[in-house]
Amino acid sequence: MESPAAGTNPRVAVFLICIASALLLSFQASKIWLADYRVHTDRVDQMERGIALEPRNGAAWDRTGRVRQTDFENPDPVGALTDFQKAVQYDPLSADYWMDLAGAYEATGNLPLARDAFDHARNIYPGSAQVAWIYGNFLLRQDEFDEGFAQLNQAARTDPNLVPLAISRSWHSNQDVNLLLDKVLPANADAYFQAIDFMVAAGQPAPALVIWERILSLGKPVALPRSFPLLELLIHTDRAEDASRTWREALAAAGLPHAEPLSGSLIWNGDFSSDFAEGGLGWRWNSPFGAAIDFDAPPAPGGRSVRLDFGGAANVDLTAPLEFVPVEPAHSYHFHAMVHTEGLTTESGILFAISDPNHNRALNILTENLTGSQTWRSVDADFATGSETHFLLVQLRRFQSRLFENRLNGTAWIADISLKASTSEERQPAQ
């Protein structure tokens, strides 16, 4: 008969095997954890100790190489190169590791091997925007512009988030807007508008206009506000003729009426038949505290008036509605508006201010200050622009009152606003 002790031996053996396996797994897990911990310390000495525990870990070699590359106090480009070589040795299917190796070869002056490493990365991941982007920049550094720009184009088409960087790199490499449009950017309005934004920030109206024409050539509708940054640049760089043309084109592209006023006025929407554009060469309103705006009936049939209600909550500093108007330098003009007030308090009422927004003190026209209650009346001014004036800023103004009880109450209406070249040279400029 088998003894009880002998019958338990297989179970004990299985138990001991399980314990040994668990200990081995725990040891391996601890070893992996310790290696990973050391590799992520960003201290090269600790990272090397971590790699020693897992020498076939390509990610660990690559991370160590990148830390060596960015250690500006103790640079070690040769050590980084060795690390990246180990990374691709143990993980040859990682495009990222091959690109890191290519960068290390370039940093040590070995351009042929850098190209070879880039070729490996491109073969592994031919559709990668990141690979195309990094390789394209490498080519630009070698003055290989055609292929470099082609790579940037591939990157931007694959990943639209790279479009702003592609614009910047292209422009700083070669300030040719047609090359940017033809070789680098995807042929779509979003990319082109980002290029316009770049040119606006750089203060470059001429290339921005070329890009605008490319947008129009697409033949697609364009929301009016998308043209505002370009128009703002044209206004502040005194390009009146370009601004006038671009404004008409922007209105047409947005499907809005774009014929110039039949009256010959330079003021757009002077009868307020349309809502405020809030940009470009249209009316703008800046919502000051203490003033509310709406549309109302005009003094005569046609169009609308703008009604401004002041509720007595503030000593309002009113600078709108306002509009930028392209004009000719050294020309005579006649300004006209219809104004109606009802119960405007304080000694500071409403008036129109006409100035040159780009040249201080070149022009400063103020119409009559209207307070209290006034029936509809004509407000007019004759003046001549200066030799450098290409734009006028026309705005409704109310200067803050200096009185103790200075909160503004009442209502004002404005309508039928126009600015025309004077037909008589006998008119004297307003003072």
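Please treat every number below as a calculation from the coordinates, not as lab data. Nothing here was measured: the structure is a model prediction, and the numbers come from that model. Neighbour counts run over all protein chains shown; Cβ positions are idealised from the backbone, glycine included.
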Sequence neighbours fewer than 8 away in the same chain don't count; with that in mind, list the aspartates and glutamates whose C-alpha is under 12 Å from Lys183.
Asp146, Glu147
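Is region 58-132 best put as rounded, prolate or oblate by its Cα gyration tensor, with a ≥ b ≥ c the root eigenvalues, rounded for a/c under 1.5, and otherwise prolate when a/b is larger than b/c, oblate when not? Spell out each step's value before the answer.
Values: a/c = 1.93, a/b = 1.49, b/c = 1.29.
Here region 58-132 falls in the prolate category.
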Between 0 and 90 degrees, rounded to the nearest ten: what's the tilt of helix 240-253 against the longest Cα principal axis of the chain?
70
Tell me which label goes with the value of Cα Rg over 2.2 N^0.38 Å computed from the coordinates here: [x] 1.07; [y] 1.00; [z] 1.62.
[z]
Can you give the Rg/Rh ratio of region 194-259, where Rg is from the C-alpha atoms and Rh is the Kirkwood radius?
0.93
Taking Lys220 as the anchor, which aspartates and glutamates have their alpha carbon closer than 20 Å to its alpha carbon, excluding any fewer than eight residues away along the same chain?
Asp182, Asp190, Asp197, Glu249
Using the basic label-point model (7 angstrom from Cα toward the beta carbon), what is the Leu165 to Asn123 distance in nanometres?
2.6
Between the Cα axis of helix 129-141 and the main Cα principal axis of the chain, the angle (0 to 90°, nearest 10) is 80
Could you order the peptides 98-106, 279-287, 83-91 from most to least packed, using the average number of other C-beta atoms within 10 Å per residue?
98-106, 83-91, 279-287
Helix 44-53 sits at what angle to the longest principal axis of the chain, using alpha carbons and giving 0 to 90 degrees rounded to 10?
50
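By its C-alpha gyration tensor, with a ≥ b ≥ c as the square roots of the eigenvalues, how is region 291-421 shaped: rounded for a/c under 1.5, else prolate for a/b larger than b/c, else oblate?
Values: a/c = 2.27, a/b = 1.46, b/c = 1.55.
Note, shape of region 291-421 comes out oblate.
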Restricting to aspartates and glutamates and to Cα separations under 18 Å from Lys420, and discarding same-chain partners fewer than 8 apart, the set is Glu241, Glu260, Asp271, Glu323, Glu328, Asp356, Asp380, Asp382
Inter-label distance for Asn364 and Ala259, nm, one decimal - labels placed 7 Å from Cα along Cα-to-Cβ
4.1
Which loop trypsin sites (Lys or Arg not before Pro) in region 320-409, with loop taken from DSSP, have no more than 13 other Cβ atoms within 10 angstrom of their Cβ?
Arg361, Arg402
